[in-house]
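What follows is one structure encoded as structure tokens, with my remarks underneath.
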Amino acid sequence: MIDIEGVSYRIGGQDILRDVSLQMGPGGVIALVGPNGAGKSTLLSLIARLNALQSGRITVNGLPVGQVADDRLARELAILPQDLTVTIRLTVRDLVGFGRYPYHKGRPSEADDALVTQALGNFDLQDLADRVLETLSGGQRQRAFVAMAYAQDTAYLLLDEPLNNLDIAASRALMARLRALAIEKGRTVVIVLHDINYAAAYADRIIALKGGMVIADGAPKQIVTEGLLRDVFETDAKVFRVDDRSVVLV
Amino acid sequence: MRIGVSLLTLTIMALASLFVGVIDLTQAEDAEIWPLIRDSRFPRTVATLLTGASLAIAGQIMQTIARNRFVEPMTAGTGQGAALGILLAVVLVPGAPLSLQMLLASGTALCSSLGFFALTRRLPPTQPLLVPLVGLIYGGVIGAAVTYLAYQVDMLQVIEIWMNGEFSGTLRGRYELLWLAGLAALLSYLVADQFSILGLGEQVSLNLGLNYRQIVLLGLIMISVVSGLTVVTVGMIPFVGLVVPNLISRVAGDNLRRALPLTAIAGAGLVLAADLLGRLVIHPFEMPAGTVIGIVGAAMFLWLLYGSRRLAG
């Protein structure tokens, strides 16, 4: 379980997060939604110790973030950051292979290689395995990074806006794969999404943030309503029910 | 396969190097040959190989840490910092032993590398060419300080030895420190994966549980030790650390576990070739290897700058 207790965060005198307390997992796909600047990415980066906590406490499976050794946490939790610029020439296989680094520390075993091959297969990257990352499209590169996080084989997987560069087919395929991970392997996937419809379709739970606070938290069916869109995003959009699912008419 | 061919080429060049010099080995008397090879030709050949290999690897690691293809220790302040250290050692402790010079040189080289990274980490990542430009200016400023200081203590001619690298003075007993530089480069191979991950940036490094600061510091120490040792023993040789990693990156990519051996071989080959060329063009006189590489390397640098901007990232 990810346990967040009274976390606040300020940048340059501005409140980004205000006294956020949440519990996530174990298991399931959890979507973080909210307007730009709501604090979603900051929350994710604090859980993944990419930024240091200022106040409050976060534990991942009982390990206190910020105190536990980096490599220990790397075997418990993986994050796909938003910025995926690559300045070095690596093949897809190299990149996915680095996902095993927390385990082998530079001396990969055959089991590590097997897991990398499996990750490449799971994300349809076999044909691209020996291509250099910079020759790939944005979506393909994104997929390679997700495969790296997958190869890290952690109970918790955090993804910051992974659908940014993806077309509709790739977006649906990625979300379906994440969903399968949660169902078949009991992983917890925490994902920042902009498109409420994807959240409603694929998440078990949606957490809506605004102004650094949790405004709504619950199953998509219950909380994706016209009222929520007005409160959180300050926009008037109609919400319909299609196939027992809430759909926002954009 | 690739490694095999390049190693074979390097061996042939190294053997040839044993036969190039003012004294023609085929005409020399038997009793002369062994001491000549032992005291001069062999040390000189080994020195070029060690210098080339370790400088190329230092350049590769510096580029990975800076996440920029256009930096290398000898043009971004590290080499100049090393020269400053040697000068300080010579001025403050007259008759300073080589080991003290080396220690101070590595220390000041580390300080100036830290300064370089402190300066460049604030630069906008959208302007990759700013990093090498700032490096050139920064290195130039430190170099100017060295010249000024040397002028004050009347040592201008002495610093020429460190500022322009060449191998004519490498004799038995005067090059052995370079083995340490070679060792530092060899050790970096043990943490090749860690260095590669650094190249993916701080966030990815943290995510993979890498102790980012510790590995960056380790890399900078390695670069500084190599710079300090080469500047003390043979002087500054520019562009090796720049051109070689760029070429190898195109052939073999940047997974350092695969690239570093090739980088080492190519670096050794380049410096050896430059030294051989320097010994041959105006035979029986010599042109410094640093000058030869300065000419060849500057041309290659311009080609890299203008020919392939996309490599800057």
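Worth a mention:
- Of all residues in the range B:34-56, those satisfying the criterion of being open to solvent by 40 Å² or more (accessible area, probe 1.4 Å) and either more than 19 Å from B:GLY290 (Cα to Cα) or of a type in the set (Phe, Trp, Tyr) (or both) are B:TRP34, B:PRO35, B:ARG38, B:ASP39, B:PHE42.
- Filtering the range A:158-200 to residues that are among the hydrophobic types (A, V, I, L, M, F, W, C), closer than 17 Å to A:ILE79 by Cβ and either not in a loop (DSSP other than H, G, I, E, B) or not assigned by TED's automatic domain parsing to the domain that holds A:PRO26 (or both) leaves A:LEU158, A:LEU159, A:LEU174, A:LEU178, A:LEU181, A:ALA182, A:VAL189, A:VAL190, A:ILE191, A:VAL192.
- Of the strands (runs of 3 or more DSSP E) lying entirely inside the range A:1-55, those containing at least 3 residues that are in contact with a Leu (Cβ under 7 Å, 6 or more places away or on another chain) span A:2-11, A:28-33.
- Any hit, the range B:65-72, residues being among the aliphatic types (A, V, I, L, M), touching a Leu at 6+ places or on another chain (Cβ under 9 Å) and open to solvent by 10 Å² or more (accessible area, probe 1.4 Å): yes
- Odd one out for B:VAL231 among (1) more than 14 Å from chain A (Cβ to nearest Cβ); (2) open to solvent by 60 Å² or more (accessible area, probe 1.4 Å); (3) in contact with a Phe, Trp or Tyr (Cβ under 6 Å, 6 or more places away or on another chain); (4) not hydroxyl-bearing (Ser, Thr, Tyr): (2)
- Single unsatisfied condition, B:LEU280 versus (1) open to solvent by 20 Å² or more (accessible area, probe 1.4 Å); (2) within 14 Å of chain A (Cβ to nearest Cβ): (2)
- Scanning the range A:134-159 for residues that are surrounded by fewer than 22 Cβ atoms within 10 Å (Cβ to Cβ), touching a residue at least 24 places away in the same chain (Cβ under 8 Å) and within 13 Å of another protein chain (Cβ to nearest Cβ) turns up A:GLU134, A:ARG141, A:ASP153.
- Entry remark, the range A:66-77: residues being open to solvent by 10 Å² or more (accessible area, probe 1.4 Å) and over 15 Å from A:VAL190 (Cα atoms) number 8 in total.
- Considering A:ASP94, A:ASP113, the condition of being within 7 Å of chain B (Cβ to nearest Cβ) and of a type in the set (Asp, Glu) is satisfied by A:ASP94 alone.
- B:VAL131 satisfies every condition listed in (1) at positive phi; (2) of a type outside the set (D, E, K, R); (3) at pLDDT 90 or above except (1).
A quick yes/no check of all residues on (1) at negative phi; (2) within 14 Å of chain A (Cβ to nearest Cβ); (3) in a helix (DSSP H, G or I):
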| site | (1), (2), (3) |
| --- | --- |
| B:ALA150 | yes, no, yes |
| B:VAL158 | yes, no, yes |
| B:ILE161 | yes, no, yes |
| B:SER168 | yes, no, no |
| B:ARG174 | yes, no, no |
| B:LEU180 | yes, no, yes |
| B:SER205 | yes, yes, yes |
| B:ARG213 | yes, yes, yes |
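- Taken as a whole, the range B:132-141 holds at least one residue that is more than 14 Å from B:THR78 (Cβ to Cβ) and surrounded by fewer than 17 Cβ atoms within 10 Å (Cβ to Cβ).
- Filter pass, B:ALA118 being surrounded by 16 or more Cβ atoms within 10 Å (Cβ to Cβ) and more than 14 Å from chain A (Cβ to nearest Cβ): no
- Each residue in the range B:260-308 was checked for being part of a helix (DSSP H, G or I) and touching a residue at least 12 places away in the same chain (Cβ under 8 Å), and 34 of them qualify.
- In the range A:101-110, the qualifying residues are those that are at the interface with another protein chain (Cβ under 9 Å from one of its Cβ atoms) and assigned to a loop (DSSP other than H, G, I, E, B), and the one that is surrounded by the most Cβ atoms within 10 Å (Cβ to Cβ) is A:PRO108.
- Residue satisfying condition, being out of contact with any Gly (no Cβ under 8 Å at 6 or more places or on another chain) and open to solvent by 10 Å² or more (accessible area, probe 1.4 Å), within set A:ILE168, A:ILE207: A:ILE168
- Flag for A:VAL68 being closer than 28 Å to A:MET148 by Cα, within 12 Å of chain B (Cβ to nearest Cβ) and either of a type outside the set (Phe, Trp, Tyr) or not in a strand (DSSP E or B) (or both): yes
- Number of positions in the range B:213-228 that are open to solvent by 10 Å² or more (accessible area, probe 1.4 Å) and not charged (D, E, K, R): 8
- Lone unmet requirement of (1) open to solvent by 60 Å² or more (accessible area, probe 1.4 Å); (2) under 22 Å from the mean Cα position of the chain (by Cα); (3) farther than 28 Å from B:ILE248 by Cα for A:LEU80: (1)
- Any hit, the range A:117-129, residues being assigned to a helix (DSSP H, G or I), free of Cβ contacts under 8 Å to residues at least 60 places away in the same chain and within 13 Å of chain B (Cβ to nearest Cβ): no
- If the condition is being out of contact with any strand residue (DSSP E or B) (no Cβ under 7 Å at 6 or more places or on another chain) and of a type in the set (Gly, Ala, Ser), then the range A:41-90 contributes A:SER45, A:ALA52, A:GLY62, A:GLY66, A:ALA69, A:ALA74.
- Test for B:LEU247: is it closer than 30 Å to A:VAL92 by Cβ, surrounded by fewer than 16 Cβ atoms within 10 Å (Cβ to Cβ) and among the aliphatic types (A, V, I, L, M): no
The values are calculated or read from the model by the stated rules, or taken from the named source; none is laboratory data. None of the values given here were measured: they were computed from a predicted structure. Cβ atoms come from the backbone with ideal geometry, glycine included; neighbour counts cover every protein chain shown. Heavy atoms of the whole protein, side chains included, go into the accessibility calculation; ligands, DNA and RNA do not. Shrake-Rupley method; radii C 1.70, N 1.55, O 1.52, S 1.80 Å.
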